[in-house]
Amino acid sequence: MKIAVINPNATVSMTDKIAATARSVCAPGVEIEARTGIGAPVSIEGHYDEAMAMPKLLDQVREAEAGNADAIVVACFDDPGLGACREIATGPVVGLCEAAVKAASMIATSFSVITTLPRSAPIIEELVRRYGLDHQCRKVRSAAIPVLALEEPGSNARIQVRDEILRAIEEDRCEAVVLGCAGMSDLVEWLSEETGIPVIDGVSVATKFAEALVGAGLKTSKIGAYATPNPK
């Protein structure tokens, strides 16, 4: 089984981190093919960055499909272009936010999301509503850090994320926390130990969901909304 894990931004160090997380959770015999959106923005922090990243993301999906990938993980928590990716893919396409919040709903009756910049919170709130889990999401919080701060050695970013989780536990009374950025994927174990609460990383969960869907013999439906685009 081959799962293509695509980082839609152009930062290779983040791709390496995402790939390491995916490989650490996948079953023996599962190949993780890491891909980077070279030519896209270096980070995705809002609607404009999402739009600018989309052409490169779709190119990566096509290339992964041509390389016989069985499933695709779009490794950005904003779930950019999932519908478009599913139209051109045959195997399952899994987004980080969708996978993470659905996993949270299975292990807790409530959760909060910790993202990077405040501008990302409304995007994630809308996604949570779309996925039908706004009644379980206590709050989408920002640690007030740029995405690329998570890639800087010696940055205080991890401490800010931890402190925001502790505030969520006290103020939101949430039972679990979802990390709202793929760049936080390497912090799960440390944050879980520091906070004493289930901490859910979208990269890990999306990888396992993709693996499970392929293992169950499921592919993306080509009847209706995810039908292959008409030639133009």
Open item on the list: Can you give the local net charge around I3? Use residues other than it whose beta-carbon is closer than 12 angstrom to its beta-carbon, Lys and Arg +1, Asp and Glu -1.
Closed with: 0
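Cβ neighbours within 10 Å, averaged per peptide: list 45-58, 78-91 in order, most packed at the top.
Details: 45-58: 17.6, 78-91: 20.5.
Most protected by this proxy first, the peptides run 78-91, 45-58.
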Open item on the list: Let's test the formula: R0 of 35 Å, r as the Cβ-Cβ distance of W190 and K232. What FRET efficiency results, to the nearest 0.05?
Closed with: 0.10
Task: For A34, distant residues with modelled amide H under 5 Å away - done: V5
TODO: With +1 on each Lys and Arg Cβ and -1 on each Asp and Glu Cβ, and nothing else charged, work out how big the dipole of the range 15-86 is about its Cα centre, in Debye to the nearest 20.
DONE: 100
- [ ] Highest first, please rank the peptides 182-191, 118-127 by the mean number of other Cβ atoms sitting within 10 Å of their residues.
- [x] 182-191, 118-127
Open item on the list: Using alpha carbons only, how many angstrom separate the centre of the range 49-73 from the centre of the range 1-43?
Closed with: 12
- [ ] Write down, largest first, the equivalent ellipsoid semi-axes of the chain in whole Å, where each equals the square root of 5 times an eigenvalue of the alpha-carbon gyration tensor.
- [x] 27, 19, 17
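Read-outs throughout are calculated quantities, based only on the coordinates presented, and are distinct from any laboratory measurement. Only a predicted model underlies this, so the values are computations on that prediction, with no experimental measurement involved. Note that each Cβ is placed from the backbone with ideal geometry, even for glycine, and that neighbours are counted across all protein chains shown.
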